[in-house]
1. With +1 assigned to the C-beta of every Lys and Arg and -1 to the C-beta of every Asp and Glu, and no other charges, what is the dipole magnitude of the chain about the Cα centre in debye, to the nearest 20?
2. Could you state the accessible area per residue of region 101-244 in Å², with a 1.4 Å probe and every protein chain left in place?
3. At a probe size of 1.4 Å, how large is the accessible area of S218, to the nearest 10 Å²?
4. What is the angle, in °, between the Cα long axis of helix 2-27 and the longest principal axis of the Cα atoms in the chain? Nearest 10 is fine, range 0 to 90.
5. Please list 3J(HN,Hα) in residue order for region 204-216, calculated via the Karplus relation 6.51 cos²θ - 1.76 cosθ + 1.60 where θ = phi - 60°; whole Hz, with x for glycine and proline.
6. Could you work out the local net charge near F213, counting Lys and Arg as +1, Asp and Glu as -1, over the other residues with Cβ closer than 9 Å to its Cβ?
7. Skipping prolines and chain starts, which residues have an amide H placed within reach, meaning under 5 Å, of the one on K195, given they are 5 or more residues away or on another chain?
8. Cα axis of helix 224-233 to longest principal axis of the chain: angle in degrees, 0 to 90, nearest 10?
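The values are calculated or read from the model by the stated rules, or taken from the named source; none is laboratory data. All figures in this text were calculated on a predicted structure; none of them were measured in a lab. Cβ sites come from the backbone with ideal geometry, for glycine too, and all protein chains shown count toward neighbours. In case anyone asks, the SASA skips ligands and DNA or RNA and just uses the protein heavy atoms, side chains included. Shrake-Rupley method; radii C 1.70, N 1.55, O 1.52, S 1.80 Å.
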Amino acid sequence: MFNYKFMRLFLLIIFSFLFLNSCESEDLMEIDIEFRQFIDQNQLELNNIIYQNEAGNVYSVERLLYVLSNLTLYFENGDSMLLDNYYFINIDDENSLKLKNINIPSPCISISFTYGFSQINNATNLYLNDSDNFHNLMLWPNTLGGGYHYMKMEGRYIDNYGEQKFYNTHTGGLNSNDYSINYLFDIDNSESNSKIFIDMNINNIYNEPAYDFNYYGSAIMSSNEAQSVIQVNMLEDIFSVSVN
């Protein structure tokens, strides 16, 4: 009789474990995140001098690298999830444009992230051994305050004399001034959503107030004025979030 009861108890525990695991598997949700880049309503096309900003500059984009840090998802059940310290988006590396199969506990209702690094997370050599050659590609000179770039965007523009000139819009924490920006977006919490798009509208980096390449020059890393204008422009309508 003792063995029979013991066997029933043992089977009950096994079936309960299998049932709970099955329920957890059925309830498991996944979501992808994709980083996209646009010029106004059009997807970015590289190496063509076809875009025009508010100042009337006609320009191209040949290279774009940027950092989003503290990427956090917030869920319907009240939980939140910090995905990683930062994400390095390099449009020459397709693998950097997508985060796949993120397990989530509940429908996602909002997302937050920081453009660049907050000052406390932006120290020289802090990411020395990170992957994708991040340290070498994004290191900000110690003579300008150290740490890392928030963004490197490079291309060509037509100057006031009709000549092609090279520009580099390199942004970062100049001389310990923190030009990073925090964003929070509410999103549709439908359970059918399987992908979040984080879109950048590049043209708005140079709009409202108008940013003129002819005035600020080709290189702006040491210019507090230029860095400040770009930070103001990036406060509102550079990034947007949508779901699919």
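1. Working: 10 positive and 31 negative charges, 148 e Å.
Around 720 debye, computed over the chain.
2. Solvent-accessible surface per residue comes out at 45 Å².
3. Approximately 50 Å² for this residue.
4. It is inclined by approximately 20 degrees.
5. 6, 4, 10, 10, 6, x, 5, 10, 9, 4, 5, 7, 7
6. Numbers: positive: K165; negative: D159, D212.
Result for the local shell: -1.
7. So K195 has HN proximity to D32, N244.
8. Around 50 degrees separate the two axes.
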